[in-house]
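In what follows, a structure is listed as structure tokens, so that the remarks can point back to it.
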Amino acid sequence: MYLLRLTSILGDDLVLVDPAQTERYCRDWMGEVMVECLAVLRPRTTEDVARSVRACRKLGLSIVPQGGNTGLVLGGLPDYPAGQVIFSLERLNRIRKIESADFSAIVEAGCILQTVKDAVAEKGLFFPLALGAQGSCQIGGNLSTNAGGLNVLRYGMMREQIFGLEVVLPDGQIWNGMSVLRKDNRGVDLKHFFIGAEGTLGIVTAAAIKLLPKSTKIATALIAVASLWDAVSIYGLCRSLCSDLMTAFEFMPRSALSLAKEAMPTLDSPLPANTRPMY
Ligand SMILES: Cc1cc2nc3c(=O)[nH]c(=O)nc-3n(C[C@H](O)[C@H](O)[C@H](O)COP(=O)(O)OP(=O)(O)OC[C@H]3O[C@@H](n4cnc5c(N)ncnc54)[C@H](O)[C@@H]3O)c2cc1C
């Protein structure tokens, strides 16, 4: 009954109800958990999101936004059996604008992170968020989890990469906080409510992101350490020598190298045979 009304209000293009089609939205990233949902909504525009939220509200249906579904903690899946509607943002995926002159871009929530990184790189620009899931996770999911990734040391978390947001609120209104001002001291900065909120306060539909010039030189070192304390000392030394230019510092136990070798047997160990990295 609910589903018929939802489809009659929003149309077939937006609403998926056939379990064969909704199944892939109901499985977690690791393929270990399978849940049920009432329907999957796939808006193409911010206005689609707004009218879908209004329709669900009218019918008393609760909703769960879903990005790339790479979150690993089931945040993008319904937690009430067969009682919730999934909002997939995957079709809201346009890069609206890249402004080389002021190092900013406006991207929709469903853009895959890697797609955004590639598009700005073509213009000699750099978007610093980098994580293992970047080929699948979406800008809206990155914002809603305040993702960190590899480059936090130098560039900070996703919160630091944002100028402004566009959000559909729980009553279906569109909140336009899409400023690209770098120096902005106008009152309370409401966008921070939505960053890291996991979709509980609204559905992020687009973001104005900060870009940087692409680095012209990058150096990477792999150092074998005998103890965790050695790693901490080397971190302190590198940080004081490189200042804010150090982008990332990652600790990799021996077990991680072994796993990589197991998955890709043709890999050569990057360390000389006689080194004994810890663990
Ligand atoms: C291999 C791998 C490596 C990873 N590495 C890191 C890492 O280094 N650092 C890190 O922080 N995370 C990491 N993650 C976790 C995950 O990739 C991030 O949390 C990512 O930001 C989630 O984005 P997503 O689009 O997949 O969001 P989803 O998993 O789909 O959703 C995450 C949460 O955000 C909400 N949400 C999604 N889109 C919207 C939207 N448009 N509006 C409102 N709410 C929304 C969902 O309801 C859910 O609560 C990793 C995951 C994998 C699989």
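Using a probe of 1.4 Å on the protein chains alone, the accessible area found for Phe249 is around 70 Å². Accessible surface for the chain, divided over its residues, is 56 Å² per residue with a 1.4 Å probe. Subtracting the Cα-Cα distance of Tyr235 and Ile9 from 0.36 nm times their residue separation leaves 75.6 nm of extension gain.
Loop-located trypsin sites (Lys or Arg not before Pro) across segment 110-213 with a Cβ neighbour count of 16 or fewer within 10 Å are Lys123, Arg182, Lys183, Arg186, with loop assigned by DSSP.
For the chain, a Gaussian network of Cα nodes joined below 10 Å ranks Gly67, Gly132, Gly140 by mean-square fluctuation, and the top entry is Gly132.
Take the solvent-accessible surface of the protein heavy atoms, probe 1.4 Å, and return the percent of it on segment 2-88 that carbon and sulfur atoms account for. Taking all protein chains in place, segment 2-88 shows 52 percent carbon and sulfur surface. In a DSSP loop and with at most 12 other Cβ atoms within 10 Å, the GluC sites (Glu not before Pro) in segment 110-198 are Glu122. Our summary gives the chain a relative contact order of 16 percent, counting only alpha carbon pairs under 8 angstrom and 6 or more residues apart. Each part gets one Cα centre, and for segment 222-263 versus segment 95-166 those centres are 25 Å apart. Non-local lysine pairs in the chain, meaning eight or more places apart or on different chains, with alpha-carbon distances under 23 Å, amount to 17. For segment 95-213, relative contact order (Cα pairs under 8 Å, six or more residues apart, normalised by length) works out to 33 percent.
By accessible area, using a 1.4 Å probe on protein heavy atoms only, segment 219-279 has 64% of its surface on carbon and sulfur. Counted over the chain, the DSSP beta bridges are approximately 75% antiparallel. What do you get for GluC sites (Glu not before Pro) in segment 11-96 restricted to DSSP loop and a cutoff of at most 13 other Cβ within 10 Å of the site's Cβ? Loop-located and lightly packed - Glu32.
The values are calculated or read from the model by the stated rules, or taken from the named source; none is laboratory data. In this text the structure is predicted, and so the values were computed from the model without any measurement. Using ideal geometry, Cβ is built from the backbone for each residue, glycine included, and neighbour counts are taken over all protein chains shown. Protein only, heavy atoms only, side chains kept; ligands, DNA and RNA dropped before computing areas. Shrake-Rupley method; radii C 1.70, N 1.55, O 1.52, S 1.80 Å.
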